[in-house]
Each structure stands twice: as structure tokens, then as C-alpha cells.
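Q: Please see the structure below; I have some questions.
The values are calculated or read from the model by the stated rules, or taken from the named source; none is laboratory data. Since we're looking at a predicted model, the values are computed, not measured. Backbone-built Cβ (ideal geometry, glycine too); neighbour counts: all protein chains shown.
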Amino acid sequence: MKHHPSLIKLLLTFLKIGAFTFGGGYAMIPLIQRIVVEQEHWLTYEEMLEIIIIAESTPGPVSLNVATFVGFKRRGVLGSLFASMGLA
């Protein structure tokens, strides 16, 4: 069941991912997927795959693009802003 996380939860989740992941954007994707899909149930596996595909074809760091799209999918423009700030 998908639910809408609070903006602070989005910020703290992506802050944790950004602070404790080494190896660049592609190294963050499995951790983002595990937290967003398996632990928090914010997205389905198929939605996450779509986001990764779009993020790879969009200019900029792939992990930041994924965070932006996840935030937007769950909480709109403010969600994308908070998720991006957490990861950056």
C-alpha cells in the first residue's frame, strides 16, 4: 500500500542516503530502491523502474534525478524540492 510521506520524512530519508552512500549516483540507486519500494512502500517496483529510466535520460546526476522524481511522485513540487535538498 502506497502512502504519502511527510516532507520532513522525505528530506531525512534522502539526507541519510546521501550521507552514507559512497561510489556516486549509480551506487545510490539500489539503496534508494530498497528504501522507497521495499521498506517504505512509497512506490511500486514498476514505478521505480520507470523513474530510473527517466532519470538516466535526463541531464544531471542520476541519483539527484531519481530523488527529484520520487519526491514529485509522492508529494508534488514540494516533495521533489525536499527530496532533492536531502540528497544534495
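Q: Examine region 25-36 for a residue that is surrounded by 13 or more Cβ atoms within 10 Å (Cβ to Cβ) and either small (Gly, Ala, Ser) or not in a helix (DSSP H, G or I) (or both), and state whether such a residue exists.
A: Within region 25-36, one or more residues are surrounded by 13 or more Cβ atoms within 10 Å (Cβ to Cβ) and either small (Gly, Ala, Ser) or not in a helix (DSSP H, G or I) (or both).
Q: A further question on this structure: Assuming Ala67 fulfils every condition listed in (1) farther than 18 Å from Lys9 by Cβ; (2) aliphatic (A, V, I, L, M); (3) touching a Ser or Thr at 6+ places or on another chain (Cβ under 8 Å); (4) modelled with pLDDT of 95 or more apart from one, which condition is it?
A: (1)
Q: Something else now. Identify all residues within region 8-47 that are touching a residue at least 40 places away in the same chain (Cβ under 8 Å), among the hydrophobic types (A, V, I, L, M, F, W, C) and touching a Leu at 6+ places or on another chain (Cβ under 6 Å); write none if there are none.
A: Phe14, Ile17
Q: Would you call His3 within 13 Å of the chain's Cα centre (by Cα), of a type outside the set (Asp, Glu), surrounded by fewer than 20 Cβ atoms within 10 Å (Cβ to Cβ) and not in a helix (DSSP H, G or I)? Reasoning before the result, please.
A: Numbers: within 13 Å of the chain's Cα centre (by Cα): no; of a type outside the set (Asp, Glu): yes; surrounded by fewer than 20 Cβ atoms within 10 Å (Cβ to Cβ): yes; not in a helix (DSSP H, G or I): yes.
No: the conditions fail for His3.
Q: Taking region 55-79 only, how many residues are closer than 14 Å to Ile32 by Cβ and of a type outside the set (Phe, Trp, Tyr)?
A: Result for region 55-79: 14.
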